[in-house]
Amino acid sequence: MMNFGLMGFGTVGSGVYEIISSGKAGKDYNIKKILVRDPSKPRKVSAPGELFTKDAADILEDEDIKLVICVMGGMEPEYTYIKQALSLGKSVVTANKEVIAAHMDELLDIARSNGAYLYFEASVGGGIPIISSLTDLIKLNTISQVTGILNGTTNFILTKISREHRDFADILKEAQEMGFAEADPSADVDGYDMMRKISILSAIAFGNMVDESNVIMRGIRNILLDDVLAAESYGYKIKFLGQGVRSGEGFNVCVEPALIKNDFVVGNVNEEYNVIMAQGDLIGKLCFMGKGAGKNATAEAVVSDVIKVMSKTDEYSSIKLKPANSEGARFEEMHEYYLRVSFNGYYSLSNTLDKISSLIKRNKIRVYNNMLFMITEAVNDSLMRELCGQLAESGRDVFFARIENNVL
Ligand SMILES: NC(=O)c1ccc[n+]([C@@H]2O[C@H](COP(=O)([O-])OP(=O)(O)OC[C@H]3O[C@@H](n4cnc5c(N)ncnc54)[C@H](OP(=O)(O)O)[C@@H]3O)[C@@H](O)[C@H]2O)c1
């Protein structure tokens, strides 16, 4: 019998409790204690009252508890509890992307030196088994990129803009009313959630922790319905992507809107679905698609990790991590870009055109409603960012997104 402690009984924790209680995972598991903030709170999923505690020591100091499932969320106190559990030789399964993105190397070291296991499948892509797949792929492959739609809320918003021809703000409001987007949507729409997930995948793929400050991050708050329609008229979908790309001796990580051709798989992953594409030198390009969040899908990934702990082999043994460096991203690749720039009167139009004339494809430029829409020639990524920064500084409303052709 494996006794374990469950830290968190919200969406994911209650789902884990239901799967374990159903016996689907086997009869050898016993949830001995459940840590919550407020044990007296009414709950949608019921569990015997004596299981609940608000004292983490009831789990961490119980020698019968050999495994701790951490599904609370946020950096603290979860980071401290995970460290304490592993230091005491207790295995840990967590869904916490924030803790893993920042401390995966340290926590794996503590686990390995204390004969414990740390698994975190549900921290990226909810129910999609991407971490275990990537840890398998890196055994034989040199990974050149990991690219994904890793946030269901923003994919849902972009899908609705495209299908219903409504504005971003309008759809965000509806998603908030449906409980699908947070009241403070920043983690989703500004890219923080995706940044942590792509940092975890990139660290595993390239063998190096990712310094958050090195991730180029641009959210989708300023996207217009006009951008979605213009992109579609050029034959593309706009998707919000996280991407880690090997570049020379290092790698770049970014979270940005990108244009993807209509006939690519990644461009056709819609609604709240997630997709992750990995590219290895032997295996080529592989896609993993599924539900990136939600009670059952995420809890399934957590319980699968619990089963891995029982097998007593380190299934993450291929993950080797060098510390993050803060050299800064280079972004010297070349891409074509979609660019939308506002102008105000003839002088402003000709001035804007002067600034960008060497970049644009003449047959792909459109003018509408005091805005210029265009597709550029292949441009160095850093130069494009610099140019768009200058245009924005001169008071123009600017939206740009690279055209991503290297996906499935
Ligand atoms: N929801 C998803 O679909 C999903 C998908 C992938 C990954 N995740 C990750 O899974 C984790 C849990 O997410 P969730 O959606 O289940 O969160 P949630 O619904 O907000 O539940 C959080 C649970 O943790 C407890 N808790 C929070 N802080 C605590 C503290 N300081 N001390 C004791 N208990 C505390 C809460 O107690 P009370 O009930 O008393 O408030 C609650 O039971 C997060 O790391 C999240 O990023 C979630």
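No lab work stands behind these numbers, since they all come straight from the coordinates. None of these values were measured; they are calculated from a predicted model. Reconstructed Cβ throughout: ideal geometry from the backbone, glycine too, with neighbour counts over all protein chains shown.
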Seminar exercise, completed: One would report the antiparallel percent of DSSP beta bridges in the chain, rounded to the nearest 5, as 65 percent
Problem set entry | Near-label residues of region 138-152 by backbone N, under 20 Å of a point 7 Å along Cα→Cβ of Lys285 | 138, 141-151
Exercise. Cα centroid distance between region 80-119 and region 289-367, in Å?
Worked result: 27 Å
Exercise. Could you give the angle, 0 to 90 degrees to the nearest 10, between helix 97-113's Cα long axis and the longest principal axis of the Cα atoms of the chain?
Worked result: 40 degrees
Exercise. Going by how many other beta carbons lie within 10 Å of each one, how would you line up Leu201, Leu349, fewest first?
Worked result: Leu349, Leu201
Seminar exercise, completed: Taking the dipole of the chain about the Cα centre (Lys, Arg +1; Asp, Glu -1; charges at Cβ), the one of Leu286, Asn222, Ile157 that reaches farthest to the positive side is Leu286
Exercise. Relative to the longest principal Cα axis of the chain, at what angle does helix 130-140 sit, 0 to 90 degrees, rounded to 10?
Worked result: 80 degrees
Exercise. Of the cross-linked pairs Lys33/Lys322; Lys33/Lys320; Lys197/Lys237, which ones have a Cα-Cα span greater than 31 Å in the structure shown?
Worked result: Lys33/Lys322; Lys33/Lys320
For this session: When a/c is below 1.5 the answer is rounded, else prolate if a/b is larger than b/c, else oblate, so apply that to region 2-123 with a ≥ b ≥ c taken from the square roots of the Cα gyration tensor eigenvalues.
Result: prolate
Problem set entry | Rg/Rg_globular for the chain, with Rg_globular taken as 2.2 N^0.38 Å and Rg from C-alpha atoms | 1.06
Exercise. Taking neighbour counts of Cβ atoms within 10 Å as a proxy for exposure, in what order, fewest first, do Met7, Met2, Met178 appear?
Worked result: Met178, Met2, Met7
For this session: Report the calculated FRET efficiency for Asp167 and Leu88 (r = Cβ-Cβ distance, R0 = 51 Å), to the nearest 0.05.
Result: 0.45
Exercise. Suppose every K and R has +1 on its Cβ and every D and E has -1 on its Cβ; what is the size of the dipole of region 130-291 about the Cα centre, in Debye to the nearest 20?
Worked result: 500 debye
For this session: Could you run the Debye sum over the Cα atoms of region 334-403, one equal point scatterer each and no solvent, and tell me log10 of I(q)/I(0) at q = 0.13, 0.21, 0.23, 0.27 Å⁻¹, two decimals?
Result: -0.30, -0.83, -1.01, -1.41
